[in-house]
Amino acid sequence: MYAVTGGSGFVGLNLVEALLRRGETVLSVSLDGLPAAAAAEFAGLPGRLVDRVADVTDGAALRALLAEHGVRRLFHGAVITAGEARERSDAARILEVNLVGATRAVEAAVAAGVERVVLASSSAVYGDAFFGAGPVAEDAPCEPRTLYGISKLGVEMMGRRLGGLHGLSVAAARITAVMGAWERDTGLRDTLSPMFQIARLAQQGRPVRIVRQGPRDWVHAPDVAQALIRLLDAAVLDHFAYNVAPGRTWHPARFCAALGRVLPGLDWDYADDEASANVAFLDDLTRTRQPADVQRLQALMPDAVLGADFPLDAALDAFARWVAAHPGWFAGPER
């Protein structure tokens, strides 16, 4: 059986859906339970869902849930994706959820006899390395600049140590910025993707204005889910950390074009400058961003197409169709 902490979150929902489509039994653990729209769709999938509400900082609750349901594969994805304002006002809570919560999850996994734990890490552990000369590989120096990145690096170090102490197989998925189905404003994600913002503006009938700068390696959420399943299922992992990314950079204008094909009335254009744009890229637009190197992921998923040949248009068309089919998802900040 599989368990997903943060199951009601962006990556969590995509992983839960992918596992259910495969016919697996999945325990989803989150603070609020699955959103109604997702739960309704997932009910028609062949797998079996167990949806439970718990705080990941409550180690006893996690131990009881993992043991009760005989979990053997755990993805720990519960996190606060904090921006600068939250860093200033709530630093202790960020670290409590991100680092202490992950530690509680690994401890619970050990106690419950879980065989493999995959920890959600982030490309934020690399800091400014993405503004260098080429793709960033997993052996690049980790110099995170934000509390989010710092907490993720701490999670990795904790996972390595506790995994070694207890003989538990632990891996870290260093996920780049994610876009796609089930992204939402939960109050715990301060960095909603440009693609979500574009989709929300489009579904609200408002114009979309984006800057010309800012390509980066946003990764399609369903592709993240497939990579996580490989990490969870692999008999042996050759590495501890894996970049989970498409291996190429691209500009959100590509998504505007894809969305325009399914929403013909979409009014989008480039803004004259950042101040007149209504889509925030949440990145340094003055420097050229490099992609994450994906050689390790390619070796883990030899059947996947990554790097320069990644089928970006297919991913964007799939998300555009999802947006068109879920107009209510973008009606307001809460689902």
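The values are calculated or read from the model by the stated rules, or taken from the named source; none is laboratory data. What you see is a predicted model; the values in this text were computed from it and never measured. Using ideal geometry, Cβ is built from the backbone for each residue, glycine included, and neighbour counts are taken over all protein chains shown.
Restricting G23, G77 to residues that are crowded, with 18+ Cβ neighbours inside 10 Å and out of contact with any Phe, Trp or Tyr (no Cβ under 8 Å at 6 or more places or on another chain) narrows the list to G77. Restrict the check to segment 296-319 and report whether at least one residue is more than 28 Å from A234 (Cα to Cα), in a loop (DSSP other than H, G, I, E, B) and in contact with a helix residue (DSSP H, G or I) (Cβ under 7 Å, 6 or more places away or on another chain). No, every residue in segment 296-319 fails to be more than 28 Å from A234 (Cα to Cα), in a loop (DSSP other than H, G, I, E, B) and in contact with a helix residue (DSSP H, G or I) (Cβ under 7 Å, 6 or more places away or on another chain). Say we look at segment 136-149 and pick out the residues that are farther than 19 Å from G307 by Cα and buried (at least 22 other Cβ atoms within 10 Å of the Cβ); which of these is farthest from the chain's Cα centre (by Cα)? Filtering first and then ranking leaves L147. Out of the residues in segment 100-119 meeting the condition of being hydrophobic (A, V, I, L, M, F, W, C) and surrounded by fewer than 21 Cβ atoms within 10 Å (Cβ to Cβ), tell me which one is farthest from M1 (Cα to Cα). My answer is V100. If you go through segment 291-335 and keep only what is surrounded by fewer than 19 Cβ atoms within 10 Å (Cβ to Cβ), modelled with pLDDT of 95 or more and within 23 Å of D128 (Cβ to Cβ), you end up with just Q295.
Does segment 92-107 include one or more residues that are out of contact with any Gly (no Cβ under 9 Å at 6 or more places or on another chain), part of a helix (DSSP H, G or I), among the β-branched types (V, I, T) and under 18 Å from D185 (Cβ atoms)? Yes, because at least one residue in segment 92-107 is out of contact with any Gly (no Cβ under 9 Å at 6 or more places or on another chain), part of a helix (DSSP H, G or I), among the β-branched types (V, I, T) and under 18 Å from D185 (Cβ atoms).
Of the residues A245, A235, A253, which single one is hydrophobic (A, V, I, L, M, F, W, C) and either under 16 Å from L19 (Cβ atoms) or within 20 Å of the chain's Cα centre (by Cα) (or both)?
That would be A245, the only listed residue that is hydrophobic (A, V, I, L, M, F, W, C) and either under 16 Å from L19 (Cβ atoms) or within 20 Å of the chain's Cα centre (by Cα) (or both).
Does A133 fit the bill of being surrounded by 22 or more Cβ atoms within 10 Å (Cβ to Cβ) and of a type in the set (G, A, S)?
For A133, the condition - surrounded by 22 or more Cβ atoms within 10 Å (Cβ to Cβ) and of a type in the set (G, A, S) - is not met.
Might you check whether a residue that is surrounded by 22 or more Cβ atoms within 10 Å (Cβ to Cβ), modelled with pLDDT of 95 or more and closer than 21 Å to Q290 by Cβ occurs anywhere in segment 224-235? Yes, segment 224-235 contains at least one residue that is surrounded by 22 or more Cβ atoms within 10 Å (Cβ to Cβ), modelled with pLDDT of 95 or more and closer than 21 Å to Q290 by Cβ. Of all the residues in segment 33-82, those that are in a loop (DSSP other than H, G, I, E, B), of a type in the set (D, E, K, R) and touching a residue at least 60 places away in the same chain (Cβ under 8 Å) number 1. Within segment 160-186, the set of residues being under 18 Å from H220 (Cα atoms) and surrounded by fewer than 19 Cβ atoms within 10 Å (Cβ to Cβ) comprises D185 only.
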